[in-house]
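Please treat every number below as a calculation from the coordinates, not as lab data. Just so we're clear, the structure is a prediction, and the values are computed from it rather than from any experiment. All Cβ positions, glycine included, derive from the backbone under ideal geometry; neighbour counts span all protein chains shown.
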Amino acid sequence: MNAPHNPDADGQLREPLQASFSDAANPVGLDGVEFIEFAAPRPQALGQVLEMMGFRPVARHRSREVLLYRQGGLNVIVNADPLDARGAAHGSDEPAIAAIALRVRDARAAYDYARERGAWEVPTKADVMELNIPAIHGAGGSRIYFIDRWREFSIYNVDFVPIPTVDQNPPAVAGAHFFGVVQYIGVGRSYDWIEFYAELFGFTEIPDDERFGIMPKGKLLKSPASEGGDGFMIQLIEPDALVLDGEEKLQRIGIGVPDVLAAVREFRRLGMEFVETPAAHTESRGAITKTYLGSVVFELVHSAKA
């Protein structure tokens, strides 16, 4: 696929789009997740929860009320811009996972590839000193961004200003790393979403007898990854038969840790509380936090990645 040079939002010419997506197993050159974005009408309250999960604020957006939190290789963006926050949270005061940003080989080519296969584009407009990041619609009005700048020169070099005196790369607590996301879907919608992620990104379904963590419901999909890169999981969960709420949304973040019990002890020292009931309790396979601010939940999953 060839295309002309594209001027980026910072006025610089981009490299030509790559000529081919010949890798059928990884058609867009997917290489993990760059960030998860929360829409947060009350950003300070969400920030306190994130800090109990080991995240630290490291940078502020140049022009909008947006804050970048980080630990290790995990990036979480808290977007409190009034229009963005209220829109993504559908008018609620509760935080909502508003976007997931995927690292890809070439952002514009990946965006075009997804649109050609039926994805709905999200119109974007970059302000001065901002990058124009292409995006498509995801679950429940969330966005899926395509990012091809994350190595030596990243999107944060353009859009964000580091907070003075703050370590820009705080270490991960207990080896925490991104494992996946849990997505709530409508009744009978599993195979629609399986097809969506398979057709656009090359996800494959994990057999039903292969499960991770302590919340094994639904369908589990695994992303492709470039050689030496990071894959991740998406768990699709339909509502129970007697539940009337069929809202589709990105519901919680899965965080991998090499030792769940040790990680729980570390997070508890930071103030995080975990669910301890007969149905869901901390064990070596996983743990799940209590729900904060009405909607914010994190799930720990045993994962040996360093």
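Starting from the amide H of R143, placed 1.01 Å from N in the peptide plane, find each other amide H under 5 Å away whose residue is 5 or more places distant or on another chain.
Residues meeting the criterion, in which the H sits 1.01 Å from N, are A99, I100, G138.
Would you kindly derive the ³J(HN,Hα) couplings of region 31-43 from the backbone phi angles with the Karplus curve 6.51 cos²θ - 1.76 cosθ + 1.60 (θ = phi - 60°), listing them in order in whole Hz, with x for Gly and Pro?
Along region 31-43, the couplings run 9, x, 10, 7, 7, 10, 10, 9, 8, 9, x, 10, x Hz.
Between S190 and Q44, what is the spin-label point distance in nm, taking each point 7 Å from the Cα along the Cα→C-beta axis?
That separation, rounded to one decimal, is 4.5 nm.
Return the long-range amide H neighbours of E34 (sequence gap of 5 or more, or a different chain), with a cut-off of under 5 Å between placed amide H atoms.
A101, L102, R103
With every atom except the alpha carbons ignored, what do you get for Rg and Dmax of region 33-162, in angstroms?
14.3, 42
Could you check the spin-label model distance between E205 and W120? Points 7 Å from the Cα along Cα→Cβ, value in nm.
The modelled label-to-label distance comes out at 2.4 nm.
What's the local net charge at K219, with K and R +1, D and E -1, over the other residues with C-beta under 10 Å away?
-2
How charged is the neighbourhood of R189? Take every other residue with its Cβ under 10 Å from the Cβ of R189, and add Lys/Arg as +1 and Asp/Glu as -1.
-3
Over 12 Å apart: what share of the alpha carbon pairs of region 139-179 falls there, rounded to a whole percent?
77
I'd like the antiparallel share, as a percent to the nearest 5, of DSSP beta bridges with both residues in region 173-302.
65
Give, in whole angstrom and from largest to smallest, the semi-axes √(5λ) of the equivalent ellipsoid of region 160-260, with λ running over the eigenvalues of the Cα gyration tensor.
Each semi-axis is √(5λ); the values are 29, 17, 15 Å.
With θ taken as phi - 60° and the coefficients 6.51, -1.76 and 1.60, list the Karplus ³J(HN,Hα) couplings across region 70-80 in order, rounded to whole Hz; mark glycine and proline as x.
These are the phi-based 3J(HN,Hα) values: 8, 8, x, x, 9, 10, 10, 9, 9, 9, 10 Hz.
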